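S.K.: Got a structure for you, written out below as structure tokens; questions coming shortly.
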Amino acid sequence: MPYVLVVYDVQADRTSKFLKYLRRYLTHVQHSVFEGPVSDGQLTEIEGRLDTMLEPGESVIVYRMAGESYVERSVFGDDPMDEQQFL
């Protein structure tokens, strides 16, 4: 199961559209940054949908890792991923 980091840069009035969509699959960790494990099928769906949502001048970057065990993560301050345990 891949572990992904998704960042986007879109017009300010459109950020809520991306926020709502990505929250279905990933944890919102900072303003326009999401991360978490997804299936290969979900990743294909996410990438396809995000591509159709973009307007000229906007971008989305998806970083894919082979799995969570391949990610070294250091957090300073409150970790948004800790909230996952309460879902």
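S.K.: Can you show me the helix-derived [θ] at 222 nm for the chain, built from DSSP H runs with n ≥ 4 at -39,500 (n - 2.57) apiece and divided by the number of residues, rounded to the nearest 500.
M.R.: -7500 deg cm²/dmol
S.K.: Note down the magnitude of the dipole of the chain about its Cα centre, charges +1 on Lys and Arg C-beta and -1 on Asp and Glu C-beta and zero elsewhere, to the nearest 20 debye.
M.R.: 240 debye
S.K.: If you line up the long axis of helix 40-53 against the longest principal axis of the chain, both from Cα atoms, how many degrees apart are they, to the nearest 10?
M.R.: Helix 40-53 and the main axis of the chain meet at about 30 degrees.
S.K.: At 0.36 nm per residue, minus the direct Cα-Cα distance, what do Asp40 and Met53 gain on full extension? Give it in nm, one decimal, please.
M.R.: 2.7 nm
S.K.: Once you have the Cα-Cα distance between Ser32 and Val75, take 0.36 nm times their residue separation minus that, and quote the gain in nm to one decimal.
M.R.: Answer, rounded to one decimal: 13.8 nm.
S.K.: Tell me which residues come under 5 Å, amide H to amide H, from Val71 once H is placed; ignore anything under 5 positions away on its chain.
M.R.: Here the answer is none, since no amide H 5 or more places off falls under 5 Å of that of Val71.
S.K.: Counting trypsin sites (Lys or Arg not before Pro) as exposed when in a DSSP loop with at most 12 other beta carbons within 10 Å, what is the longest stretch of the chain free of them?
M.R.: The answer is 25-72.
S.K.: Take the Cα gyration tensor of the stretch 3-69, multiply each eigenvalue by 5, square-root it, and list the three semi-axes largest first, rounded to whole angstrom.
M.R.: In descending order the semi-axes read 20, 12, 10 Å.
S.K.: Report ³J(HN,Hα) in whole Hz for each residue of the stretch 15-30, in order, from the Karplus equation J = 6.51 cos²θ - 1.76 cosθ + 1.60 where θ = phi - 60°; Gly and Pro get x.
M.R.: After applying 6.51 cos²θ - 1.76 cosθ + 1.60, I find 4, 5, 5, 6, 4, 4, 5, 5, 5, 5, 10, 10, 8, 7, 9, 8 Hz.
S.K.: For a footprinting-style exposure proxy, rank Glu72, Glu55 by other Cβ within 10 Å, fewest first.
M.R.: If I rank by nearby Cβ atoms, fewest first, I get Glu72, Glu55.
Every number in this text was worked out from the coordinates using simple rules, so none of it is lab data. Note that the structure is a prediction, hence the values are computed from the model and not measured. Using ideal geometry, Cβ is built from the backbone for each residue, glycine included, and neighbour counts are taken over all protein chains shown.
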